[in-house]
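Below you'll find the structure, written out as structure tokens, and then a few comments.
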Amino acid sequence: MPVITEGMLRKLDKEGQLEKIHITEKDILTPSAREFLNVKKIDFRIKKSQEKFVNNEKTAENKVKDSPANASEEKVIKKRQYRDYITGAVYDKKPEFMTQLFGDNLVVKNHKRIVLRGKFDILQAEIIKYWKKYEKNKKLESDFAQTYRFVRDLFISEMTDMEFQERDVLGYDIDTLKDITHNTVKYFKTGHLFEINIDFDESVIDINYLRALSRECEVAAVDAFYKEGKVERVDMLKALNRLSSILYLMMLKANNGDYK
């Protein structure tokens, strides 16, 4: 279910495409997006308005409501169109090689934002897999649950184009997490965990795999939000950088025997 935010609408407005946006009952408008459209005096309830018009016509002409002409008119009113977000081209049917960036705006499936969403999807799936694997270890299961929620909220933040809200994870704020993972001797009396191999505990190996996936996700985000020297979504880039710290802290705890 597509979510349309104020940020998305402002971008369309800047490109001169705002009045062409097509919103249906399947789309979700954030409160700020609704207010933005109201200020711009754009009727975002176009679907409902059209339906009301059709219903009134049916009431007034009840005897001919099932006529071919009226049925054809209603079909045209309800017809959905898609717009190419890059070129502005309009499609009556969504091409198989394209997907929705937001609303009815389409991009090719290798668009950088879509690639990032794919990385998020894989990371969440893998976290769930190991979360299930260690569910009987209550300490480790709890940390997996917190990590998953952190990633899930990051994913929602990207999908809705809303700022990511920082919060404590594993008992620390995300800036303290960075300090801990950069000063392992201070907090764990040990050096960094380099050259992970089969001699390490299985839990350390598993979490290290997730840490590597999180770095892939971070690189994909930089690719999507760094453009010609300008950085977008600094909040997300920071959170993704701290995500690898979260997983590295879990590795340190596992190696230290904190989950036993």
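The values are calculated or read from the model by the stated rules, or taken from the named source; none is laboratory data. Given the structure is predicted, the values throughout are model-derived calculations rather than measurements. Using ideal geometry, Cβ is built from the backbone for each residue, glycine included, and neighbour counts are taken over all protein chains shown. We work out accessible area using only protein heavy atoms, side chains counted, and drop any ligands, DNA or RNA first. Shrake-Rupley method; radii C 1.70, N 1.55, O 1.52, S 1.80 Å.
Quick notes on this one:
- Top-ranked residue in the stretch 80-132 [being of a type in the set (A, V, I, L, M) and surrounded by 16 or more Cβ atoms within 10 Å (Cβ to Cβ); ranked as nearest to TYR148 (Cα to Cα)]: ILE127
- Cross-chain or 6+ apart pairs with Cβ under 6 Å, the stretch 149-174 first and over 17 Å from GLN100 (Cα atoms), then part of a loop (DSSP other than H, G, I, E, B) and open to solvent by 60 Å² or more (accessible area, probe 1.4 Å): ILE174/GLU166
- A single entry from GLU202, GLU232 fulfils the requirement of being under 23 Å from LEU101 (Cβ atoms) and charged (D, E, K, R): GLU232.
- Residue within the stretch 68-85 that is under 30 Å from TYR248 (Cα atoms), modelled with pLDDT of 70 or more and of a type in the set (Ser, Thr, Tyr) present: no
- Test: residue in the stretch 100-110 that is touching a residue at least 40 places away in the same chain (Cβ under 8 Å) and assigned to a helix (DSSP H, G or I): no
- The single condition among (1) within 23 Å of the chain's Cα centre (by Cα); (2) open to solvent by less than 20 Å² (accessible area, probe 1.4 Å) that THR184 does not satisfy is (1).
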